[in-house]
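S.K.: Take this structure, written in structure tokens, and hold onto it; I'll ask about it next.
The values are calculated or read from the model by the stated rules, or taken from the named source; none is laboratory data. Only a predicted model underlies this, so the values are computations on that prediction, with no experimental measurement involved. Methodologically, a virtual Cβ is constructed for each residue, glycine included, from the backbone with ideal geometry; neighbour enumeration extends over all protein chains shown.
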Amino acid sequence: MNDYPSGYPEPGKTLVYDDSQTIDLDTVPLNGRFLIKTLVLSIDPYMRGRMRSGGPSYVPPFELGKPITSGGVGVVIRSEKEGVKAGDHVLGLMGHQEYSIRSSLEGMVIIQDKHGLPWSVYLGAAGMPGFTAFVGWKKFAHSKPGDVVFVTTGGGPVGSMVIQIAKAEGLKVIASAGSEEKVAFMKSIGTDVAFNYKTTSTREILEKEGPIDIFWDNVGGEILEAALDAANVNARFIECGMISGYNSGGAPVRNLMLIVGKDITMRGFIQTRHFDEHKDEFYATIPEKLAKGEIKYTEDITHGLDKVGDVMLSVLKGTNKGKAIVHVADE
Ligand code: NDP
């Protein structure tokens, strides 16, 4: 990270690729640590929130002049650390660099059985976004038969997992996304009413297909306003993200008063705070369902560490076609 952006990040200016440093992989001293080769990196909307100089947040800012970090999978190529051996695959927060040296496994797990899935899936449906959907629904949806659910960014890794969980419970699902390709994917996973919010009025759809009992909010702003208007009494609003405001600060929501008049429960959450409690259940069920094809996912894989800035921009502008991944190296 070279500078903090004020609007959208600018590849080559705020986010720069620096290939000036090299290490000798065979001789670099480890001093009790281990050397990881990065295989795949995740590009996620929340990373935009780390591109700031300071201020209160649940995550610290990226440091200028240092590699940014995100979820990644790597393979250990040398180790002097007890419990870590060459050939182990590690999943966790990783620097955006081809190789990194770590002293501990803190914030990482060694994946023993990948269920035949590509490593990239452990950054999407079987990773942080999938877990977000899983835990947010489990703890806050309080679903009951007959509920009508509205999901935003339904073509992405969080939204598409929410859709599939809600459909597995037999609920009616309305879902929006910003391209025809994403709408087709949402239909293919059982969405009852899938629409492109850029070409169709969200308000009109919700008026016709609602009222809604559960709103999975990934975007905030005008769509949150429309969902409040279309909410049933006792609706649950799961506030997972508000991407419409990540580069602009966000528009005010003018009808928030409706949470009073409609007895709406509005619940925000950050998945990391629920990880320790629910990760075992998630990893025991979801990767296997993905491997069997019982849960579907889409990916948008770009090759090369030098493309991170472009991929970040695609996620923030919505031109990514599925879970955004940067493939750094083969094994
Ligand atoms: P995606 O891979 O789906 O990428 C983000 C998508 O957001 C874009 O592809 C685009 O899709 C949509 N988008 C971008 N700008 C706007 C806008 N102005 N209005 C409406 N939609 C927009 O993302 P994820 O599935 O990884 O994440 C989805 C949400 O979940 C995000 O808000 C993210 O911050 C949140 N999240 C929250 C977590 C938590 O712990 N609370 C953890 C992980 C994610 P489209 O084509 O549909 O416009």
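Condition check ((1) out of contact with any strand residue (DSSP E or B) (no Cβ under 9 Å at 6 or more places or on another chain); (2) at pLDDT 95 or above; (3) not aromatic (Phe, Trp, Tyr)) across all residues:
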position: 232; (1), (2), (3): no, yes, yes
position: 251; (1), (2), (3): yes, no, yes
position: 275; (1), (2), (3): yes, no, no
position: 316; (1), (2), (3): yes, yes, yes
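S.K.: Restricting to the stretch 77-93, give me the number of residues that are of a type in the set (Asp, Glu) and touching a residue at least 40 places away in the same chain (Cβ under 8 Å).
M.R.: In the first step, residues of the stretch 77-93 are kept if they are of a type in the set (Asp, Glu); the result is 80, 82, 88.
Going one step further and asking which of them are touching a residue at least 40 places away in the same chain (Cβ under 8 Å), we end up with 80.
Going through the stretch 77-93 one residue at a time, the tally reaches 1.
S.K.: Same structure again: Restricting attention to strands (runs of 3 or more DSSP E) lying wholly within the stretch 199-297, give those where 3 or more residues are away from the ligand (no atom under 16 Å from the Cβ), at positive phi and surrounded by 14 or more Cβ atoms within 10 Å (Cβ to Cβ).
M.R.: On the way: elements: 212-217, 231-239, 265-268.
So the answer is none; nothing clears 3.
S.K.: For the stretch 21-70: of the residues being in contact (Cβ under 8 Å) with a residue 60 or more places away in the chain, β-branched (Val, Ile, Thr) and within 30 Å of residue 245 (Cα to Cα), which is nearest to the ligand (Cβ to nearest atom)?
M.R.: 43
S.K.: Now for a separate question. When both residues are 6+ apart or on different chains and their Cβ atoms are under 6 Å apart, which pairs have a first residue that lies in the stretch 187-208 and is closer than 13 Å to residue 223 by Cα, and a second that is in a loop (DSSP other than H, G, I, E, B) and away from the ligand (no atom under 14 Å from the Cβ)?
M.R.: What qualifies is 206/230.
S.K.: Quick one: would you say residue 84 is within 16 Å of the ligand (Cβ to nearest atom) and more than 22 Å from residue 50 (Cβ to Cβ)? Talk me through it step by step, then tell me what you get.
M.R.: Working: within 16 Å of the ligand (Cβ to nearest atom): no; more than 22 Å from residue 50 (Cβ to Cβ): yes.
Against the criterion (within 16 Å of the ligand (Cβ to nearest atom) and more than 22 Å from residue 50 (Cβ to Cβ)), residue 84 does not qualify.
S.K.: Considering only the stretch 188-198, state which residues are on the phi < 0 side of the Ramachandran plot and in a loop (DSSP other than H, G, I, E, B).
M.R.: Going through the stretch 188-198, the residues on the phi < 0 side of the Ramachandran plot turn out to be 188-189, 191-198.
Within the stretch 188-198, 189, 191, 192, 197, 198 meet the criteria.
S.K.: Could I ask something else about it? Do you know which residues across the stretch 301-331 are basic (Lys, Arg) and near the ligand (Cβ under 10 Å from one of its atoms)? Quick ask: steps written out before the conclusion?
M.R.: Within the stretch 301-331, the first condition is being basic (Lys, Arg), and the residues that meet it are 307, 317, 321, 323.
Within the stretch 301-331, 317, 321, 323 meet the criteria.
S.K.: Another one. In the stretch 87-187, which strands (runs of 3 or more DSSP E) lie fully inside it and hold 1 or more residues that are within 13 Å of the ligand (Cβ to nearest atom) and surrounded by 23 or more Cβ atoms within 10 Å (Cβ to Cβ)?
M.R.: Numbers: elements: 89-95, 99-102, 108-110, 148-151, 172-177.
Here the list reads 148-151, 172-177.
S.K.: Quick check on residue 45: is it under 22 Å from residue 329 (Cβ atoms), touching a Leu at 6+ places or on another chain (Cβ under 8 Å) and not small (Gly, Ala, Ser)?
M.R.: Values: under 22 Å from residue 329 (Cβ atoms): no; touching a Leu at 6+ places or on another chain (Cβ under 8 Å): yes; not small (Gly, Ala, Ser): yes.
Criteria not met by residue 45.
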